1. Could you give the radius of gyration (one decimal) and Dmax (whole number) of the Cα atoms in the stretch 2-115, in Å?
2. Whole Å is fine, so just give me how far the alpha carbon centre of the stretch 104-158 lies from that of the stretch 11-55.
3. So how do MET1, MET94 line up by other beta-carbon neighbours within 10 Å, fewest first?
4. With charges set only on the Cβ (+1 for Lys and Arg, -1 for Asp and Glu), what does the dipole of the stretch 2-115 come to about its Cα centre, in debye to the nearest 20?
5. If one takes the longest principal axis of the Cα atoms in the chain, at what angle in degrees, from 0 to 90 and to the nearest 10, does the Cα axis of helix 117-128 lie?
6. In nm, give the distance between the simple-model label positions of ASP98 and VAL148, each being 7 Å from the Cα along the Cα-to-Cβ direction.
7. Students often check this: by mean Cβ neighbours within 10 Å, which of 116-127, 59-70 ranks highest, and how do the rest follow?
8. By how many nm would the segment from LEU115 to ARG22 grow when fully extended, if each residue of separation counts as 0.36 nm and the alpha-carbon distance is taken off?
Amino acid sequence: MKQTTLCYIERDGQYLMLHRTRKAHDDNHDKWIGIGGHIEPGETPIECILRETREETGLTLADCRYRGVVHFRSDAYPDEDMHLFTATRFTGEMIDCDEGELAWIDKDRLLSLTLWEGDRVFLALLDRRESFFELTLEYRGESLARAVLDGDALALPFDPDAAGL
């Protein structure tokens with residue numbers, strides 16, 4: 001099973017997002033995602049997100065909060081456990097990313113981007129909930145078929161207000 005990390009770096013009401021357009025055979029092609037990547041053997045999730053952030057953005061995170069684990073299950077893609085982080089402080093200068101275009105996007109514009117359907121669920125959790133969470137997202141192709149938050153199924157299509165978030 002793939003083990004990955006993802007971080008949403010925040011600045012002035014914006015998240016640093018990566019529009020995945022440059023990598024061949026990319027499961028995330030043309031999607032907007034946060035910063036992250038695969039955990040290497042012997043590496044912890046925090047070590048991975050610090051490394052991936054430096055490699056993809058040139059930035060060094062000065063704070064990093066472990067916010068949750070997202071279990072992706074799919075009939076079309078390999079299963080994946082993603083360790084989710086947020087950060088608000090960093091140093092360094094941004095570099096060009098070889099996986100796509102980096103852009104600071106207003107948080108209120110995120111849902112208008114081309115995202116995975118399940119990303120909308122954990123973005124709402126990052127925005128509205130402080131406690132650590134465990135989320136399972138089950139896909140049929142690229143369609144979200146089931147979402148389970150901390151053991152409780154969420155109604156789909158997902159509405160954060162209806163879910164009580």
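1. 13.5, 40
2. With the stretch 104-158 and the stretch 11-55 each reduced to a Cα centre, they are spaced 17 Å.
3. Working: MET1 9, MET94 13.
Fewest to most other Cβ atoms nearby, the residues stand as MET1, MET94.
4. Working: 14 positive and 23 negative charges, 64 e Å.
Value, rounded to 20: 300 debye.
5. Tilt relative to the chain: about 80 degrees.
6. Between ASP98 and VAL148, the simple spin-label model gives 3.9 nm.
7. Highest mean packing first, the order is 116-127, 59-70.
8. 31.8 nm
Just so you know, all these numbers are worked out from the coordinates, no wet-lab data involved. These numbers come from a predicted model, not from an experiment. In this analysis, Cβ positions are derived from the backbone assuming ideal geometry, glycine residues included, and neighbour counts consider all displayed protein chains.
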